[in-house]
Structures are given as C-alpha cells and as structure tokens.
Amino acid sequence: MRLTIQGLRRWIVVAAALLLAVLAGFFIYGRNRFRHIERDLPGRLGINVQQTANSITFSQSTQGHTLFTLKASKQVQMKSGHVLLHDVDITLYGPPGSGRTDRIYGTDFDYDQTHGVIVSEGDVTIELQGTSGTNGNNGAAPASAPGGDTTSNTIRVKTRGLTFLQKTGEASTAQAVEFQLPRAAGTSVGADYNSKTGVVVLNSQVHITTSSNGKAAVVDAAQATLMRASDQALLVNASVNYETEEGSSDQALVYFRKDGTTEKIDAKGQVRMKTDTGATVNAETAEFLLDTKSQPTRADLGGGVQFASNGDNEAMHGSATDGTLLFTAANGSPGSKTALRHGEFRQNVSFEEEVNGLAKDPRGHAEKQLHAEKVDVEFAPPRSGQSVEARRAIAEGNPVVTSRQTPSKGPEQTTRISGDQLVATLGEANALRQLDGTGNTQIVQSATDGSHNTSKGDVLHAMFNQEPVPVRANRATVKTVAESQSDGKGKKANQGPKMQTTLETAIQDGNVVLTETPAKKPIAPTAGSPGTPAKPGATTQPATLTGWAQHAEYHATDQVLHLTGSPRISDGDTMQVAAELIDYHRDTQNSSASGNVKATYTQPQQRAGTPTQSAPPTMGGSGPVHVIADRATMDHATNQNIFYGTARTPARMWQDPDSLLAPVIEIDRNQNLLKAWGEGTGSAPVVNTNFASAMGGSQQQKVWRVHSQTLVYSDKARQGDFHGTVTAEQSDEVVHADDAVMFLKPAPASAKSGTGTTKPVVAAAAGPAGAGAGAALKQSSQLDHMIATGHVVFTQTGRKGTGEKLVYTADDGKYVLTGTEVALPQMWDRVHGTTTGAALIFNSQDDSVEVSGGKSSAVTETRARK
C-alpha cells in the first residue's frame, strides 16, 4: 500500500493546529476580557440615570495600567432599567509590556441591569491579536481568506445575538459565527463560553478552510470544545479533506502545550484516513504524538486496524489488532518535516495482495499473503517525489508467507514459507530481495497437477529476482507497469513499476528434510488391476522422494537441489541412497550422488490405493540389495541407476550371500536388469560375481565365483550372461571360457510375495554378512545350471579338460564337456593321461569322470584322487 507522509501530516496538522487557533481566540477573549466587562461595565454606565448622552468614553485602569477602554457614540438609559449603547468600540489591553491590544465592536448593545444580561442587538466583531502559540508556523501555509489580511497577526470573529450572563460568566449565541485567521477562515452555528471554567464550545456545523502547498484544505466537525484548564480541544465527528486525501473520526481530542503548539491527538471511533492514491487506513482508535513544529513523531492505532489499496492491476488489503508508526526528521535535523521510519503491527496480522499479470504471462494472476502475530517494518529514507518504501520487515509468531501464481495456461502453483521468525529485505517498489528464516523453517510448493514439494530446516536463506509485470492495455497492446506509469514524456509517476518476485536461490541448514512428489500421471486403460481395467481419465500419484541433509541449496537457474552434510534420499519404499553430496534435478527428477555412495533396494510393499512401484532387480534372492560406489546417477525417465567405481576400487553390490564387484554397475528398474562392466579396462575381467549354489541331493552349499568383462542379469528370466574372459570357480573346480550363462532357480515364494523390509542405508557398509549361514542361503539365489562356451577349459585337482561347451547342473553336480565335430573334448589326468570322447562328464560328488561316445562309441569311467 502506498502511504504518503504528507497526507498523514495534513490530517493531523489541519485538524489540530488550525482549530487551535480558532478556539484559542475565544479562550483569550473570554479569559482576559469578559471578566473585566462583567465587573466594571454595569457600574460605569450609570445604572440609575435615565438620560441620553452622546459620544461617551470610559477607561478602566489598575496600578497604572489600562485594562480596557469603551467608546460609544450614544448611550440611552431606559426606564426599564436597560441601557442601550450605540456604535460601541471596546479596546482591551494585554499585560504590561506585551504590546497586545484586542477589540470588540458592534452597532448596538443592550444591558439588562436587573438580570445582569448583556445582549448584542446587531453584528459583533471581535479582533484578537494573535500570540506565538496561536499563530506560529504549524505546518500550514497562509490562507487567503475573503477580506482578510494575510500579513497581519489578527484573529477576527464575527457573530450576532451574543448574550453574556453576568452572574454565571457564561456567554452564548445561537447565530452563525464567522472567524478569520491569518492562515485560515471558518464558520460555525452557535457558540457557548464559560469565563469561569474557560470552556468554549462551537455548537454545530464547524467548518474551517485553510491551504497547504497553495491548495485548499477543509476541516469539518459537528462540534468543537476547548477546555482551558487542561489545554485540550475536543472535535466531534471531525473530518479533513485535502484534494483527494481524506481523514475522519467520531471524535478527536487535541492536547496543547503551554506555547499553544499541538502535543498529541487522540482519535476514537471509526478513525479513517485516505491517501491521494486511494489507499485507506481504518481503526477504532488512533493516538498521534507531534513535535513542537506539529510534525508527527508517533502514531498508535488500535481496536482493529484495516488498510487497503487498489492500483491499475493490483489490489492489497490487510488487518491487525493494533499497530504503531514511528517518524523521524526527513533530513536528519530536528524540526524538519518528518518521514515514516518504522511500523509495527500486532496480533492477527494479515497482508494480502493480488496482481493481474505475470512477468511472462500478461493474462496470468498472482496472489501474496502474509500472516503473523507481529510484523515490524523499517522504511527507507524518503526520496523526492517518491512514495514511502519499506526496506526490512520482521514477522514473528507463526509467520507464514504464501505466494500463488495462476498462469493463463498450465497448473496453478502455490509456495508457502513459514518459520518461527521471517526477515524480509526489500528493494525498490517494495520488491522482495531476500528472505531469512529461523526456527522450524519450511517451504511448501504445490500445484493443481498433483505435484507437491516440501523442505524443512532450522535456518532458511532465500534470494529473489524481480521482473516488471505487464499491464493489459487492450487486446492489441501489452505494456509493462513501468511503461504504463510514464507521462508520455519519458517521466515516470511517483509510484514505481510493479515487480513480480521469483525465487532465485534457497538455502536451508540444520536437520533438513525434503519431499518431492511429482505430478500425477494418467493410467492407461489396460494398466489397472488384473481383471479390472483403469477408468478413463484415471491418474496415479508417483512415489514421493524424501531427502535428509544438514545443508540444502537450490538454484532456480538450473533447478538443481544440492544436499550436503550426511545427505540421503529415499524413493518410496524401494530405494535409499546416502553419499557426501546428492544433487536432485527438479525439472527432470534425476539424481546424482558422489563420495562414499551407499544404496539399499528393497522389494516394494504394495498398499491399497497406491501406485505400483517398479521392483528393483535382485541378484536372485529375496533380501535387500546393497550397493556402495564412488558416485552414482539415477535417471527418472528410464528408471536406470548407475553406480561407478574404478578397477582398483570397484563399485560393490550384494544381496544375502551373493555379491557383485565391477567398475560400473547399472540397475535398470523398468526392465528388471542388472548390468556390470568396466570403463577403459580393455579385455581385463574386471567384473566379479559370487552366486550361491546347493549341489547334489544333499544340497551341499557352495559359492560360485565368476570373473568376466561384462555381466547382464535378468531377474525376470533368472539368467546371467557373462561375457569376455570368463572364469567361474567353485571350490577346486574352475571353468575358463569366452562366455558363460548362469540360470538361477525360480525365486522362493517369500521373494515373489512382494513384501520386504527396508533396512537402514548404513547397512550397505557392512558388506555381505553370513555368507555361510544356512538361513540366509535358503532365501538367497540358487544356481540351477550353467552353460560355458568358447575355448572352454575345466580343471579339477589333478585333471584338466578342454572343449567348446560345458554344461553344469547343480542338482547332480555334473559337468558335461563337449567339443565340435572336428575338435572333440579332451581330458588329461595324472593316471590315464589324455582321454577324449564325444562328451566328458565330470561328477563332482564322487570325483568320477565318464567318457561318452567317440569313434568306438565306448563308455569309459575313470577316477582320480583329488
């Protein structure tokens, strides 16, 4: 809201200082003059003489000082006891040394000696020589009153039908009263004065006209009362009008200093002020303190404060239970014009602003709200021709700032910022530059498309950008506010361009917790539950990403949220990642992590009414899958997570007793694939995999250790493809080949049920525990069979077989080695030397070797001690 100090000053000064001058005239007249007339006039007129005399003069003196002089062209002593005086001119003299003289003159006076009543028969004029208190510079410029002398220091009062009661000292008139001041002129209907109590009352229709900066200002009141003993003036139903500025209240009590300057004004009942821009302030009570130059120093508003302002494309309104405004000298020197320097609003404080037009969308709409129990505002020093601008605002008591933007196209977006205390730093045109919060700070961003983001922390620091808001001039023209406020000659109006505030940077520290919920997605008609197709237009809410850190930093330029200080994130019930640094891209919903990356995947727990989550690929088991790496990337669109290490410190993944080590490990959650390879490692077998296997009828538990250049594992097919320089080891049995495919047995029922428990991410650092534990092996992957191809070499203790293909079956523990038509498999051992055949069958349970087929189709069985 644009609040001008000139408007407030005029309301105070005109209502108080000018009325003071009028009422002070009655005060001086009544106190210093009427009591002398009451005491001396009857006796000096010759009460018991019935005669007529012309041109009489009478003076009253005391201790050598003349009090008053009365002149009349004629006096008539009536038999009724009345004395008639014609063309009366009474001069009243001030105290010795003051040099002040006052006059009362009129055509006819009637004095009733019996009842002690003096009545003017015609017009009465009172000329009061002003004092420094009544005619000092109170901030109003001299008025050009009709017929008045603006250079004199005289107050003129004109009325008729004036009645003075000798016994009570009361004077009154029911006629119209006119008064003329050096700097104002006014009227009223009826007046009462009590010379003993010093109370002067202007009975009704009080009207005062003055000027400020050469323009008329008007004060009206239903009644005005001046109280001599307490130096106070009371206005009833008072109002002030200056051009387009207005002020009013049911009553206003004005307190004066001894020198006549205004010290304080108490206004009560429907206090209302309106500035030249149309902004309004309403309150039930208002107290104004003024300095010796009648400049405001403090204003206290109470009983429910309301304010409102409307512009070309904006509207603002607010409220509070009470408030305080503090003023200071505009140029820093005492006595100069004052400017607003501080404002405080208390209890149920609310500000709301609406703006039509967004920075890049002139047909959009924006709303801002502030709610708090207390708001303190510091104002910048005023600039010539500019409205008051706030520079710093402090909100306390559950403060909440809400910003809502409604574009012409697209979803409505709402941002809500709260904390125990919020401190805003403002720039030109009251544009928000910086916002700092302490204690339970929170940022909540939501949109009508279902997206919902939250961020909590101990401390908040946010920076903002400003862009001019366009104004819709007509259908063919769109102008910015800055252009619309130009006068056509390149000059801008006093009210600066309206700016739209957008978030640039947000930083939170201390116990930061974040949630990121993407927008709802439509469900394909065929994607419903089995046998129940999804309804047309149905949507699903994607899983919420939750993050924890000690420091969070967001930059709007790249829409990246940086998390440091033991950061970790969780993707619903299926994934947790911890690292030294985690970056989350809000535009793509992609994430990256670096430095001691630790991740845990669990099987999703499907809940009623929640979207189906992608099950992470396992290593064939049912327990959580753990990964540690140097860094990682998580792509939201493809649902691929890639973990990076090096050949010397590879990324590591394990589930139950099964594990995988490789420079690069990729988890494809959409395809349920697991991939591993090396970067820049050439033909080195840098992928190392360990699979559990129960061998033979006794289900003796063993572990296969496989080395290869690459690995692709499909959890759906329960198949792992190893490629390049493959080595597979089990106890003392070793298989070398170009490629190998391992087939796992179907997953156990508990793994298929879709249930699982989420374990802490820190468990990933512990490594594969209990590799030999039977309970863990029962839930882990179990090898069904393996097929190795290409330059196969199979070795046992004391034996060696070569061929082109080797098939291993876990149930019977047998290896079947075959070759080609031109190159049969061969075996060498210490006892029999070299043996060949169509197939060589190695039985790992009884250490036997069976030779099958060949040119003679003979079957030979050999045994060798291991």
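The values are calculated or read from the model by the stated rules, or taken from the named source; none is laboratory data. Everything numeric in this text was worked out from a predicted model, so none of it was measured. We place every Cβ from the backbone using ideal geometry, glycine too, and count neighbours over all the protein chains shown. These accessible areas exclude ligands, DNA and RNA; they are computed on the full protein's heavy atoms, side chains included. Shrake-Rupley method; radii C 1.70, N 1.55, O 1.52, S 1.80 Å.
Taken as a whole, the condition of being under 57 Å from the mean Cα position of the chain (by Cα), part of a loop (DSSP other than H, G, I, E, B) and modelled with pLDDT of 90 or more applies to residue 648. Within region 673-718, the residues that satisfy the criterion of being open to solvent by 70 Å² or more (accessible area, probe 1.4 Å), outside any strand (DSSP E or B) and either modelled with pLDDT of 80 or more or among the basic types (Lys, Arg) (or both) are 679, 680, 683, 716.
The set of residues in region 163-173 that are open to solvent by less than 30 Å² (accessible area, probe 1.4 Å) and either at pLDDT 75 or above or in a strand (DSSP E or B) (or both) comprises 164, 171, 173.
Residues are listed down the side, and each one gets a yes or a no for (1) at pLDDT 90 or above; (2) farther than 29 Å from residue 745 by Cβ; (3) part of a strand (DSSP E or B); (4) over 33 Å from the mean Cα position of the chain (by Cα):
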residue: 593; (1), (2), (3), (4): yes, yes, yes, no
residue: 600; (1), (2), (3), (4): yes, no, yes, yes
residue: 604; (1), (2), (3), (4): no, no, no, yes
residue: 609; (1), (2), (3), (4): no, yes, no, yes
residue: 616; (1), (2), (3), (4): no, no, no, yes
residue: 654; (1), (2), (3), (4): yes, no, yes, yes
residue: 666; (1), (2), (3), (4): yes, no, yes, yes
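In this structure, residue 288 does not satisfy being open to solvent by less than 30 Å² (accessible area, probe 1.4 Å), under 30 Å from residue 357 (Cα atoms) and either touching a Phe, Trp or Tyr at 6+ places or on another chain (Cβ under 7 Å) or among the aromatic types (Phe, Trp, Tyr) (or both).
Does any residue of region 84-91 turn out to be acidic (Asp, Glu), open to solvent by less than 50 Å² (accessible area, probe 1.4 Å), at pLDDT 75 or above and not in a loop (DSSP other than H, G, I, E, B)? Give the steps one after another, and end with the answer.
First, the residues of region 84-91 that are acidic (Asp, Glu): 87, 89.
The next check asks that each one be open to solvent by less than 50 Å² (accessible area, probe 1.4 Å); those that pass are 89.
Filter once more, keeping what is at pLDDT 75 or above: 89.
Filter again for not in a loop (DSSP other than H, G, I, E, B), leaving 89.
Yes, region 84-91 contains a residue that is acidic (Asp, Glu), open to solvent by less than 50 Å² (accessible area, probe 1.4 Å), at pLDDT 75 or above and not in a loop (DSSP other than H, G, I, E, B).
The residue of region 355-392 that is modelled with the lowest pLDDT, among those that are outside any strand (DSSP E or B) and under 19 Å from the mean Cα position of the chain (by Cα), is 359. Residue 434 meets all of the listed conditions (1) farther than 21 Å from residue 318 by Cβ; (2) at pLDDT below 90 but one, namely (2).
Taking only region 250-284 into account, find how many residues are outside any strand (DSSP E or B) and either charged (D, E, K, R) or touching a Phe, Trp or Tyr at 6+ places or on another chain (Cβ under 8 Å) (or both).
Start the filter on region 250-284 by keeping residues that are outside any strand (DSSP E or B), which leaves 257-261, 275-279.
So of that shortlist, the ones also either charged (D, E, K, R) or touching a Phe, Trp or Tyr at 6+ places or on another chain (Cβ under 8 Å) (or both) come out as 257-259, 276, 279.
Of the residues in that region, 5 qualify.
Here is a yes/no grid of residues against (1) in contact with a Phe, Trp or Tyr (Cβ under 8 Å, 6 or more places away or on another chain); (2) farther than 26 Å from residue 303 by Cα; (3) open to solvent by less than 50 Å² (accessible area, probe 1.4 Å):
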site	(1), (2), (3)
348	no, no, no
356	no, yes, no
382	no, yes, no
399	no, no, yes
412	no, yes, no
416	no, yes, no
428	no, yes, no
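Taken over region 310-323, the criterion of being open to solvent by less than 30 Å² (accessible area, probe 1.4 Å) and in contact with a Gly (Cβ under 7 Å, 6 or more places away or on another chain) is satisfied by 313, 323. Selection of region 621-638 for residues being modelled with pLDDT under 95, open to solvent by 20 Å² or more (accessible area, probe 1.4 Å) and in a strand (DSSP E or B) yields only 635.
Annotation for region 852-861: no member residue is touching an Asp or Glu at 6+ places or on another chain (Cβ under 8 Å) and modelled with pLDDT of 90 or more. Just a yes or no: is a residue in region 434-446 charged (D, E, K, R) and either surrounded by fewer than 17 Cβ atoms within 10 Å (Cβ to Cβ) or closer than 18 Å to residue 353 by Cα (or both)? No, the conditions are met nowhere in region 434-446.
Here residue 827 passes the criteria (1) open to solvent by 50 Å² or more (accessible area, probe 1.4 Å); (2) modelled with pLDDT of 80 or more; (3) over 27 Å from residue 713 (Cα atoms) except the one numbered (1). Within region 416-441, being under 14 Å from residue 371 (Cα atoms) and in a strand (DSSP E or B) holds for 416, 417, 418, 421, 422, 423, 424. When residue 261 is tested against (1) modelled with pLDDT of 80 or more; (2) under 20 Å from residue 289 (Cβ atoms); (3) open to solvent by less than 30 Å² (accessible area, probe 1.4 Å); (4) not small (Gly, Ala, Ser), exactly one condition is not met: (1).
Residue under question is residue 395, and the condition is that it be assigned to a strand (DSSP E or B), out of contact with any Cys (no Cβ under 7 Å at 6 or more places or on another chain) and surrounded by 17 or more Cβ atoms within 10 Å (Cβ to Cβ); does it hold? The answer is yes for residue 395. Considering region 275-297, and only residues there that are modelled with pLDDT under 85 and under 31 Å from the mean Cα position of the chain (by Cα), the residue that is nearest to residue 251 (Cα to Cα) turns out to be 275.
Taken over region 730-749, the residue count meeting the criterion of being open to solvent by less than 60 Å² (accessible area, probe 1.4 Å), out of contact with any His (no Cβ under 7 Å at 6 or more places or on another chain) and modelled with pLDDT of 90 or more is 6.
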